[in-house]
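Undergrad: One structure follows; several queries about it will come next.
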Amino acid sequence: MMARTKAFDTNEILYKAMNVFGNRGYEGTSLPDLITGLGIARQSIYDTYGTKWELFFAAVKHYMEQKNQELREHCDGLGTVVDKVEQVFTTIIKVLIDPELRLQCFIISSAIEQAPHNEELAAYLHANTELSEQIFYTMLERAVEEGEISQEVNIRDLAQFLVHERIALITSAKLGMDEPRLFGILQMVLLVFRTIQGSKAIDPN
């Protein structure tokens, strides 16, 4: 007997789940909230994703994977290291000031809140943080080799700083920080880079 083809796009459902969990948080999201927000039947949720927790974890992973791919593309792209950092942070700020997209982003806050209560999620978030740091580190290592950043700079610490600031932006936006202040943080991040420029960045000729 052939399996019945699903009448919905599973990736689209995960997008909708990001919105629901991002808006209400994990604990504040009920099954009726999910049925309404996802637009599919209770049994379809169980059959496809299992429990509420499994759906939440799947949505977190889906979001993280997309953002890591986006981060890698920015860091591997053209331009100076300052250009790349500005693009990374401008992109996330644009998401955070968008009424709908910011809800998807806020699923990260919900995940962080739940991590102390679930070892698997905590391990996943830790591994994801290390991956983000490594993507930044590779970009910074290349910038040192090309003379854009001084060789005296501890780029491992700098990569950790960039990861921290990305997460801090999400938290600040959830607490109500407005667009000008978010961009103000970006300017301070860029100022850090301008104070550690290497010989090429200071004298490109």
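The values are calculated or read from the model by the stated rules, or taken from the named source; none is laboratory data. What you see is a predicted model, and the numbers here were worked out from it, not measured in a lab. Glycine also receives a Cβ, built like all others from the backbone with ideal geometry; neighbour counts cover every protein chain displayed. Note: areas computed on protein heavy atoms with side chains; ligands, DNA, RNA excluded. Shrake-Rupley method; radii C 1.70, N 1.55, O 1.52, S 1.80 Å.
Undergrad: Which is farthest toward the positive dipole end of the chain among Q66, P99, T80, measuring Cα position about the Cα centre, with Cβ charges +1 (Lys, Arg) and -1 (Asp, Glu)?
TA: P99
Undergrad: Still on this model: So what is the calculated 222 nm ellipticity per residue for the chain, using -39500 (n - 2.57) for each DSSP H run with n of 4 or more, over all residues, to the nearest 500 deg cm²/dmol?
TA: Rounded to the nearest 500, the figure is -24500 deg cm²/dmol.
Undergrad: In whole percent, what relative contact order does the chain give with Cα contacts below 8 Å and a gap of six or more residues? Don't skip to the end; give the middle numbers.
TA: Working: 178 pairs, mean separation 48.7, N = 205.
Dividing the mean separation by the residue count of the chain yields 24 percent.
Undergrad: Could you check how much of the accessible area of the chain is carbon and sulfur, as a whole percent, using a 1.4 Å probe?
TA: 52
Undergrad: Once label points are set 7 Å from the Cα along Cα→Cβ at both H117 and E65, what is their separation, rounded to one decimal in nm?
TA: 2.6
Undergrad: Within the chain, what's the longest stretch lacking GluC sites (Glu not before Pro) that sit in DSSP loops with no more than 15 other Cβ atoms inside 10 Å?
TA: Within the chain, the longest run free of exposed GluC sites (Glu not before Pro) spans 1-99.
Undergrad: Oh, and also: Work out from phi, with θ = phi - 60° and the Karplus expression 6.51 cos²θ - 1.76 cosθ + 1.60, the ³J(HN,Hα) of each residue of the stretch 37-50, listed in order in whole Hz, and give x for Gly and Pro.
TA: So the J values, rounded to whole Hz, are x, 8, x, 10, 6, 3, 5, 5, 5, 4, 5, 8, 10, x.
Undergrad: Can you list the residues of the stretch 42-61 with backbone N under 17 Å from a point 7 Å past the Cα of T10, pointing along Cα to Cβ?
TA: 43-61
Undergrad: In terms of Cα to Cα distance under 20 Å, which aspartates and glutamates are near enough to K174, apart from those fewer than 8 places away along the same chain?
TA: Within reach: E27, D98, E100, E113, E165.
Undergrad: Additional query: State the number of lysine pairs found in the stretch 1-102 whose Cα atoms come within less than 28 Å, restricting to pairs 8 or more positions apart or on distinct chains.
TA: Lysine pairs meeting the criterion: 15.
Undergrad: Take the Cα atoms of the stretch 70-201, find their three principal axes, and give me the spread along each one in whole Å, biggest first.
TA: Cα extents, longest axis first: 46, 34, 22 Å.
Undergrad: When only the heavy atoms of the protein chains count and the probe is 1.4 Å, how do L103, L191, L182 rank by accessible area, highest first? Don't jump to the answer; show the numbers that get you there.
TA: On the way: L103 45, L191 85, L182 0 Å².
My answer, sorted largest first, is L191, L103, L182.
Undergrad: Once amide H atoms are placed 1.01 Å from N in the peptide plane, what residues at a sequence separation of 5 or more from I149, or on another chain, have their amide H within under 5 Å of its amide H?
TA: It is V144, G198, by chain and number.
Undergrad: Still on this model: Using only the Cα atoms of the stretch 48-109, build the gyration tensor, take square roots of its eigenvalues as a ≥ b ≥ c, and label the shape rounded, prolate or oblate: rounded if a/c is under 1.5, else prolate if a/b is larger than b/c, else oblate.
TA: On the way: a/c = 4.18, a/b = 1.95, b/c = 2.14.
It is oblate, given that a/c is not under 1.5 and a/b is not larger than b/c.
Undergrad: Which FRET efficiency value, to the nearest 0.05, do you get for E130 and D76 by plugging their Cβ-Cβ distance into 1/(1 + (r/R0)^6) with R0 = 22 Å? Present the calculation step by step, with values, prior to reporting the outcome.
TA: Numbers: r = 18 Å, r/R0 = 0.83.
Step by step, r from the Cβ atoms, then E = 0.75.
Undergrad: Show me, for the stretch 170-176, the HN-Hα J-couplings you get by feeding each phi into the Karplus relation (A = 6.51, B = -1.76, C = 1.60, θ = phi - 60°), rounded to Hz, glycine and proline as x.
TA: Per residue, the Karplus-derived 3J(HN,Hα) values read 4, 4, 5, 5, 5, 7, x Hz.
Undergrad: I would also like to ask the following. Give me the 1.4 Å probe accessible area per residue for the stretch 16-100, excluding ligands and nucleic acids, in Å². Spell out each step's value before the answer.
TA: Working: 3990 Å² over 85 residues.
Solvent-accessible surface per residue comes out at 47 Å².
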